[in-house]
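Okay, so here's the structure we're looking at.
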Amino acid sequence: MSWDIDINCDLGEGAGNDAEIMPLINSCSIACGGHYGTKETIRTTLALAKKHGVKVGAHPSFPDPLNFGRAHMELEPLALKTSIIEQVERFQSIASEMGMVMSHVKLHGALYNLAAKNTDMANAVIAAFLEIGTNFYIYAPHQSALQKAGEADYKIIPEIFIDRTYQNDGSLTPRHHKNAIIKDPLKAWKQIEKAYNKGTVKTSDNEVISIIGETYCIHGDTEHCVELLLYIKQQLNNA
């Protein structure tokens, strides 16, 4: 069997393991000041990606470092649009200085989840992206509100998570649930294997649902992230 798989990771978020993770992935989404990130952390993470030939993207979020972008914020549409544009353009500017090109944009945390379900939020996000340009991909859940809002103007790359469980409606299990995070390497690998070969995933309620993805994400701040990736890479090499 020939495996053609893109593994991505959210990096530049202060987890302290970026240098270990970068050689094990194909693309990364770098925090650009909303939930985490300064010009210096962006520059450092971009340099690591350049060293290892990893594709880079911006990882904007609600402007909420206190909650690491994982809490819903009530923002006026203009304020949200302005924040997203500022974050992505900050990333683009530094990448350009370093001779690198932004391949994609991926939302973070609560903004990612909300734009996946809420049409108004998805439209607001796409409106912000259109102010920046159309020469980049968007990572988003398959058949999400964000995909539908953006597919006329963008190539949407459907994303599946390696280290998170799913609910029966296809959404991610909320992080406060005890079974939300996948820490076992074998379980993480089985999730990739079933998604890739069968287009299915087993939910936290042990139901089997359909899922489609072209990139597979692991979070840099997931416990034992490096161990998960090393095991997955070993299985991919064996396959």
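The values are calculated or read from the model by the stated rules, or taken from the named source; none is laboratory data. Not measured: the values here are computed from a predicted model. Because the Cβ atoms are built from the backbone with ideal geometry, glycine has one as well, and the counts that use them run over all protein chains shown.
The set of residues from the range 17-34 being of a type outside the set (Ser, Thr, Tyr) and under 18 Å from Tyr139 (Cα atoms) comprises Ile25, Asn26, Cys28, Ile30, Ala31, Cys32, Gly34. Of all the listed residues (Leu230, Leu146), the sole one being farther than 24 Å from Gly69 by Cα, among the hydrophobic types (A, V, I, L, M, F, W, C) and in a helix (DSSP H, G or I) is Leu230.
The rows are residues; the columns are (1) outside any helix (DSSP H, G or I); (2) within 22 Å of Lys81 (Cβ to Cβ); (3) free of Cβ contacts under 8 Å to residues at least 12 places away in the same chain; (4) in contact with a Ser or Thr (Cβ under 7 Å, 6 or more places away or on another chain).
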{"site": "Ala15", "(1), (2), (3), (4)": "yes, no, no, no"}
{"site": "Met22", "(1), (2), (3), (4)": "no, no, no, no"}
{"site": "Ile30", "(1), (2), (3), (4)": "yes, yes, no, yes"}
{"site": "Gly33", "(1), (2), (3), (4)": "yes, yes, no, no"}
{"site": "Tyr36", "(1), (2), (3), (4)": "yes, yes, no, no"}
{"site": "Glu40", "(1), (2), (3), (4)": "no, no, yes, no"}
{"site": "Thr45", "(1), (2), (3), (4)": "no, no, no, no"}
{"site": "Ala49", "(1), (2), (3), (4)": "no, no, no, no"}
{"site": "Val56", "(1), (2), (3), (4)": "yes, no, no, yes"}
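In this structure, is Ile94 free of Cβ contacts under 8 Å to residues at least 60 places away in the same chain, touching a Lys or Arg at 6+ places or on another chain (Cβ under 6 Å) and either closer than 22 Å to Cys28 by Cα or part of a loop (DSSP other than H, G, I, E, B) (or both)? Yes. Here Gln235 passes the criteria (1) surrounded by fewer than 16 Cβ atoms within 10 Å (Cβ to Cβ); (2) not in a loop (DSSP other than H, G, I, E, B); (3) not hydrophobic (A, V, I, L, M, F, W, C) except the one numbered (1).
Screening Glu159, Glu193 for residues that are closer than 23 Å to Cys28 by Cα, touching a Lys or Arg at 6+ places or on another chain (Cβ under 9 Å) and of a type outside the set (A, V, I, L, M, F, W, C) leaves exactly one candidate, Glu159. Take the conditions touching a helix residue (DSSP H, G or I) at 6+ places or on another chain (Cβ under 9 Å) and among the aromatic types (Phe, Trp, Tyr) and apply them to Tyr196. Does it pass? Against the criterion (touching a helix residue (DSSP H, G or I) at 6+ places or on another chain (Cβ under 9 Å) and among the aromatic types (Phe, Trp, Tyr)), Tyr196 does not qualify. Would you confirm whether any residue within the range 173-193 is touching a Gly at 6+ places or on another chain (Cβ under 7 Å) and touching a residue at least 24 places away in the same chain (Cβ under 8 Å)? Looking for residues that are touching a Gly at 6+ places or on another chain (Cβ under 7 Å) and touching a residue at least 24 places away in the same chain (Cβ under 8 Å), one finds none in the range 173-193, hence no. Against the numbered list (1) surrounded by fewer than 20 Cβ atoms within 10 Å (Cβ to Cβ); (2) touching a residue at least 40 places away in the same chain (Cβ under 8 Å); (3) within 22 Å of Val201 (Cβ to Cβ); (4) out of contact with any His (no Cβ under 9 Å at 6 or more places or on another chain), Ala116 comes up short only at (1).
Results for (1) in contact with a Leu (Cβ under 7 Å, 6 or more places away or on another chain); (2) modelled with pLDDT of 95 or more; (3) within 29 Å of Ile211 (Cα to Cα); (4) surrounded by fewer than 16 Cβ atoms within 10 Å (Cβ to Cβ), shown as yes or no for each residue.
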position: Met73; (1), (2), (3), (4): no, yes, yes, no
position: Ser83; (1), (2), (3), (4): no, yes, no, no
position: Glu97; (1), (2), (3), (4): no, yes, no, yes
position: Met102; (1), (2), (3), (4): no, yes, yes, no
position: Phe161; (1), (2), (3), (4): yes, yes, yes, no
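When His176 is tested against the conditions (1) surrounded by fewer than 17 Cβ atoms within 10 Å (Cβ to Cβ); (2) in a helix (DSSP H, G or I); (3) not small (Gly, Ala, Ser), the lone failure is (2). Tell me whether the range 100-120 contains one or more residues that are more than 15 Å from the chain's Cα centre (by Cα) and closer than 25 Å to Ala49 by Cβ. Within the range 100-120 (the criterion being more than 15 Å from the chain's Cα centre (by Cα) and closer than 25 Å to Ala49 by Cβ), the answer is yes, since at least one residue qualifies.
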